[in-house]
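All of the numbers you see were taken from the coordinates with simple rules; none came from a lab. No experiment lies behind these values; they were computed from the predicted model shown. Every residue, glycine as well, gets a Cβ built from its backbone with ideal geometry; the counts of neighbours run over all protein chains shown.
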Amino acid sequence: MYVQTTRNICTRNCYDTCSILAHVENGRLVKVSGDFQQLYTLGTLCSKGYSYVDYVYHPDRILYPLHQIPRGSGKWQRITWDEAIQEISAHILKIYKETGNFLPLAFLRGTGSSGVLAQALLYMLSSLGSITEIENLGVGVAGQDSCMLDFGKFVPKDPEEMKNTDLVILWGVNPASTAIHQMRILQKIRREDGKVILIDVFPSRSVNHVDDYIQIRPGGDGALALAILRELLYKNSIDYRFIIEESEGWENFRDWLLEFDPEVLYRASGISREKITFLADKIRNSCSAAFWIGKGLQFYSNSGQNIRAIQALAVAGGLMEEPGGGVYTAYNCNRFGNEVWQSILNENKEHDNRRLSFQSLTTEFAAFNPGVRMLWVTQSNPLAQGIDLHTFRENLNQLELIVTTEHFLTETARISDIVLPATTLFETEDIVIGRWHKWLGLNEQAIQPLGESRSELEIARELSRVLNKEVMGICPFPDERTSKEWLNLILNPQRYLELGIENYEQLKDGPRKIILSGVDLTPEKDKRYRFLVPEAIEQGWPEIPSLVEPIEPPASYPYRFICVHKVERFNSQLGNLSWLREGQEHEGILLGEELAQLKGIVTGNHVTVYNQYSEVVLTAKVSQDIPDKVLICTARQDINGKSINNLVSNKETDLKRLFKKFPGFAYHDCFVNVAR
């Protein structure tokens, strides 16, 4: 029997952005495999990727528009698309008629898809006029902001260049679980007598694939970087050429570092002088070294300042000069194609959106003027992934209409008035670019949409038509433009030249490497690394990358609660796939032996983890590798039907106003108590 094969790309918010071959028989997706023409993922997928057939055809998938009356009752009615779009349109126009603007319409788009056309709904709504745009959840912005602050720009490095180094320090990243294709490069480095060192709060899965492991105090990364740099300074192992010719402010920073008490750095990092000397010697004796800053490192209230210290170490320690060396971090690929989307707004819109952080939905909701009356959520599950969830849920109850675009009835979908069925990546065409690697490819439509599911572009086009039918010319979004026309605009002649193709459909022959320009806030200025940044004071932080210690837990909740990712799942996603859930009921928290003895806890006990916000029940596992003041949560985010994020407050990270204009969440500054 004839099997058709299409090229597809996993669009989830992941380091790997795997290239996929979809095998279709009689119009049905029967198998997925890796695409060997994409030389980073090189023909392999993770367990999540291999589960896509089950995901697409799962019996619980939403295939038709649903209306819930009353909200939260669980009483769902199937409605037509015409009815759904008509009600949404009527509410948008009602808001406009009563207020004279669209600010009471809020839109929250998460990171569930990195496809370019997956942004269509945001820009269609924004073309109406200024709406309220809620910043997406859980994005580590501290790394990008610190880079923008000190370097003046953010240009993501190509992770494939890491193969040219002989020393890689994994700083708060766990690639064995979250970036499995980078492991091939790391193992190649080790086979060729290079070294890979892991710095983390606990020995993650990656500890079995490195040469050395350094256990750090949570949030003490900046202290460690400064201690290493101080050691290099005393050993005269500093890159003075780069400092003199390509940086400024070194003297101010150097003088502070030499005068600062090193014992404070040792204590704040939790690492001995001997281990710091060991790390300094590894760096100074390497030919080319790389620091890989993980997302976990970016979830503390002092994350930005910590990363500034790591960058200072990289610059002064000579990492920026050698092939493959330097600082690596993931980046936000949503800016790709922005010039095309923005052209709609520039032609038809006088004002920018009111952009708000997710935190503001809990801390400033009552102060919004005008207030938010309608919320549309897409590619996100904020009632599992958000923070201060009790307050967030209370504020949602005050809204007139909640719309969610989804594949399944997530916790957020269950409190919505209208749920719209979304297509999966196999049911729509798009262009996808890596969030870590530098490959771009065409995501072909492999199968017809199941049921009545629609892509975000189709939803945007239909809503635009209905709005214009009701009020002529109110929505300037080009609803006649097809996906093919959009993609031809997004991949402009310059992009075609870079990719070596003449039209986007040639990407059906395979993905291509792409050159990314990065983000430059002041392109007219000469870019020199700055050890001294006066603008940092405007954000309430030091001019130099000096020490900001991690915050201490309160007496009532003395244990830091840190959640980690595992290779077989992704936040609250994929939780309904049975073969990925095997054994998850036994997962919970890891705790140290001393704490377990103090609380009378043994492996297998059900324990209550609680603080002033909420409590969750998890299964305990005692481990000698866990620090005594730390609990490591390995459970799925929404295990037992209750998000572990109920424990998380609205605490923010530090640097927060350059790249995304909003702070990230200090997820790892979550403090709890525990009892049997």
Review point. Which peptide among 539-547, 470-478 comes first, and what is the full order, when sorted by highest mean count of other Cβ atoms within 10 Å?
Key: 539-547, 470-478
Review point. GLU364 to GLU98: FRET efficiency via 1/(1 + (r/R0)^6), r the Cβ-Cβ distance, R0 25 Å, to the nearest 0.05?
Key: 0.70
Practice item. Return the sequence-ordered ³J(HN,Hα) values of the stretch 213-225 in whole Hz as given by the Karplus equation 6.51 cos²θ - 1.76 cosθ + 1.60 applied to θ = phi - 60°, using x for Gly and Pro. Key: 10, 10, 8, 10, 5, x, x, x, 5, x, 4, 5, 4
Review point. With +1 on each Lys and Arg Cβ and -1 on each Asp and Glu Cβ, how big is the dipole of the stretch 157-329 about its Cα centre, in debye rounded to the nearest 20?
Key: 680
Review point. Could you give the dipole magnitude of the chain about its Cα centre, charging the beta-carbon of Lys and Arg +1 and that of Asp and Glu -1, in debye to the nearest 20?
Key: 960
**Study point:** Backbone HN-Hα couplings from phi across the stretch 43-49 [Karplus 6.51/-1.76/1.60, Hz, Gly and Pro as x]
**Key:** x, 10, 10, 8, 4, 5, x
Exercise for review: Just need the relative contact order of the chain here, percent rounded to a whole number, with Cα pairs under 8 Å and 6+ apart.
Suggested key: 22
Check your understanding: Length gain on complete extension for the stretch LYS642 to PHE260, per 0.36 nm per residue less the alpha carbon to alpha carbon distance?
Key -> 132.9 nm
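Once you compute Rg and the Kirkwood Rh from C-alpha atoms, what is the Rg to Rh ratio for the stretch 157-329? It would help to have the intermediate numbers written out before the result.
On the way: Rg = 15.0 Å, Rh = 16.0 Å.
Radius of gyration over Kirkwood radius for the stretch 157-329 works out to 0.94.
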Study note, to complete from the structure: For the stretch 3-57, inverting the pair-averaged 1/r of distinct alpha-carbon atoms gives a Kirkwood value in Å of 11.3
Practice item. Kindly express, to the nearest 10 degrees and within the range 0 to 90, the angle between helix 250-259's C-alpha long axis and the longest C-alpha principal axis of the chain. Key: 60
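Go through 204-216, 363-375, 299-311 and give me the packing order, highest mean Cβ count within 10 Å leading.
Those peptides, ordered most packed to least, come out 299-311, 204-216, 363-375.
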**Study point:** Nearest-ten-degree value, helix 303-316 long axis tilted from longest Cα axis of the chain
**Key:** 50
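Out of the DSSP beta bridges found with both residues in the chain, what percent are antiparallel (nearest 5)?
Counting DSSP beta bridges with both partners in the chain, the antiparallel share is about 45 percent.
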Check your understanding: Relative to the first principal axis of the alpha-carbon coordinates of the chain, what is the inclination of helix 456-470, with its axis defined by its Cα atoms, in degrees from 0 to 90 and to the nearest 10?
Key -> 50
Practice item. List the residues whose amide H sits under 5 Å from the amide H of ASN443, counting only those 5 or more places along or on another chain, with H placed 1.01 Å from N in the peptide plane. Key: ASP430, ILE431, VAL432
